[in-house]
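> Attaching a single structure in structure tokens format; questions to follow.
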Amino acid sequence: MKQLRILILEDLEADAELVKRQLVKAGIEFEACRVEGRAEFLQALSEWRPDIILADYSLPSFDGLSALRAAKAHDTDIPFIFVSGALPEDVAIDAVREGADDYVFKDRIARLAPSLSGALEKREERRKRRLAEDELRQTEERYRHLVELSPDGILVYRNSLILFANKAAGEILGTDPEELVGHNVYDFIETNYQALASQRMKRLDEYGFVPLVETVCRRPDGTSIQVEATSVHIPYQGGQAVLSIIRDVSEKKRLEREILEISGREQRRIGQDLHDTVGQNLAGAGFLAKALEQKLTRQASPLTPDATKVVSLITQSVSQTRALSRGLCPVDIVANGLRLAFAELATNTREFFGIPCSYEGDARCSNTLDGLDQTTATHLYHIALEAVNNAARHSRATRIEIRLTCENDAHILTVEDNGVGFVEGETQDQQGMGLRILDYRARIIGASLQVVSKPGKGTIVQCTLRY
């Protein structure tokens, strides 16, 4: 312990010496300053700056309670102990209430050293607690600024009731943050997505967090926006709550959709060029090769077998070019319907890959399918196309089925194969990229995608689009 500066407020020199002898006896290193009156006491407080004050309660020109108040006004943290001949119980209670750390009777002076040590320990505890509280306040202030300045919306809610919303959350949801507080969080989720949100809340309760997901929110003015959201449990105001971070991705989705539409148009152009130029040129070459084969046959030429091979290769190339053209430029989905496009896909798969592939459509889907726009229909077609290509190229399947059904106000597109399957998360690079593209296309049109596969049990790809 460092040498203490002890201010002794005592009018009797003998009593002050008694105090000092007791402290020396206890092995406490200190420097003492004795004062008797108010002026000396206040001067010593400001100039001598003591570490602790030992004060008699009753003095001729000053009293201990006034000294205590003056000391606390100067420094609320300075330890203060009364060392007095006697203190009535009510006076002792008042002294402690005013901030005294302890009181020691002079006829029990042996208690002084433990009392002094205890007062210093309490001061150190108060100092540490104050530092911790200051650090906590600073941390809370930093986090408050981070939350308020965050470009992402932040919501805190318990039992689905919103307790806090930052400025960005209000901007994303189209209202003042204060207006969000007290509302049910489901009031701002599109009806078709509320069941899915409820499932995610169950996952949150089970695992403590929900990874980044996409959903559609509804603003008070009736407009809808696409958002990315992630949620986690946090302690909040004495209980457990949910913190959700939301980000408006409507513009991002619009740009992504536009890019895919441009890509689709370019694919269709390439497919049309394959059909109109390469395909026609190959067909012409095939016609000439066939004529040459017939001429060589009539002449019994030894080159006839070679000509026959050329005809066969050109015929195969024509078939492959047509299949590629149809894949890049499928039938006009809006004019002829998705059902015809899926049927054509099954036919092309059988011809190109030599794998039995069938299509089965639910007649109940007719009216709702006809109402799909070109972009949504095209993405659904490409989801089926990519799933079929994955199955044909990577699964070693001997059977592929394409099914389109309608259940619970949703179109359900299913592509199932009996191939080797895979362990989810351990797909090959090309196949894994294909699955990511499937999921990406599904999210673009607001659909959900589920892939179920087990080694040796085949794979089921299912896309659900609500209408």
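The values are calculated or read from the model by the stated rules, or taken from the named source; none is laboratory data. Remember, predicted model here, so these are calculated numbers, not experimental data. So basically every Cβ, Gly included, is an ideal-geometry build from the backbone, and we count neighbours across all protein chains shown.
> Assess whether Leu328 counts as being at pLDDT below 90 and surrounded by fewer than 18 Cβ atoms within 10 Å (Cβ to Cβ).
Against the criterion (at pLDDT below 90 and surrounded by fewer than 18 Cβ atoms within 10 Å (Cβ to Cβ)), Leu328 does not qualify.
> Moving on to the next point. Would you check if Tyr236 is under 21 Å from Ile444 (Cα atoms) and hydroxyl-bearing (Ser, Thr, Tyr)?
In short, no.
> Return only the number of the condition from (1) surrounded by 14 or more Cβ atoms within 10 Å (Cβ to Cβ); (2) at pLDDT 90 or above; (3) in a helix (DSSP H, G or I); (4) out of contact with any helix residue (DSSP H, G or I) (no Cβ under 7 Å at 6 or more places or on another chain) that Lys309 does not satisfy.
(1)
> Shifting gears a bit: Could you please find all residues in the stretch 449-465 being in contact with an Asp or Glu (Cβ under 8 Å, 6 or more places away or on another chain) and among the polar types (S, T, N, Q)?
The answer is Ser453, Thr459.
> Consider the stretch 47-68. How many of its residues are polar (S, T, N, Q) and assigned to a strand (DSSP E or B)?
Looking only at that region, the number is 1.
> Follow-up. Which residue out of Asp56, Asp63 is assigned by TED's automatic domain parsing to the domain that holds Lys106 and within 19 Å of Arg111 (Cβ to Cβ)?
Asp56
> Separate question: Could you identify the single residue in Ile383, Ile412 that is under 29 Å from the mean Cα position of the chain (by Cα), modelled with pLDDT of 85 or more and more than 24 Å from Gly354 (Cα to Cα)?
Among Ile383, Ile412, only Ile412 is under 29 Å from the mean Cα position of the chain (by Cα), modelled with pLDDT of 85 or more and more than 24 Å from Gly354 (Cα to Cα).
> Something else now. Being of a type in the set (Val, Ile, Thr) and within 30 Å of Asn159 (Cβ to Cβ) is the filter; apply it to the stretch 243-274 and report the residue that is surrounded by the most Cβ atoms within 10 Å (Cβ to Cβ).
Ile246
> Still on this structure: For the stretch 446-467, how many residues meet the condition of being among the small types (Gly, Ala, Ser) and more than 19 Å from Ala397 (Cβ to Cβ)?
Keep residues of the stretch 446-467 that are among the small types (Gly, Ala, Ser), which gives 446-448, 453, 456, 458.
Filter again for more than 19 Å from Ala397 (Cβ to Cβ), leaving 446-448.
Number satisfying all stated conditions: 3.
> Are there any strands (runs of 3 or more DSSP E) wholly within the stretch 95-189 with 1 or more residues that are under 29 Å from the mean Cα position of the chain (by Cα) and in contact (Cβ under 8 Å) with a residue 24 or more places away in the chain, and if so which?
Details: elements: 102-105, 153-158, 161-165.
The qualifying strands (runs of 3 or more DSSP E) are 153-158, 161-165.
> Out of curiosity, is Gln240 over 30 Å from Ala377 (Cβ atoms) and either exposed (fewer than 15 other Cβ atoms within 10 Å of the Cβ) or in contact with a strand residue (DSSP E or B) (Cβ under 7 Å, 6 or more places away or on another chain) (or both)?
yes
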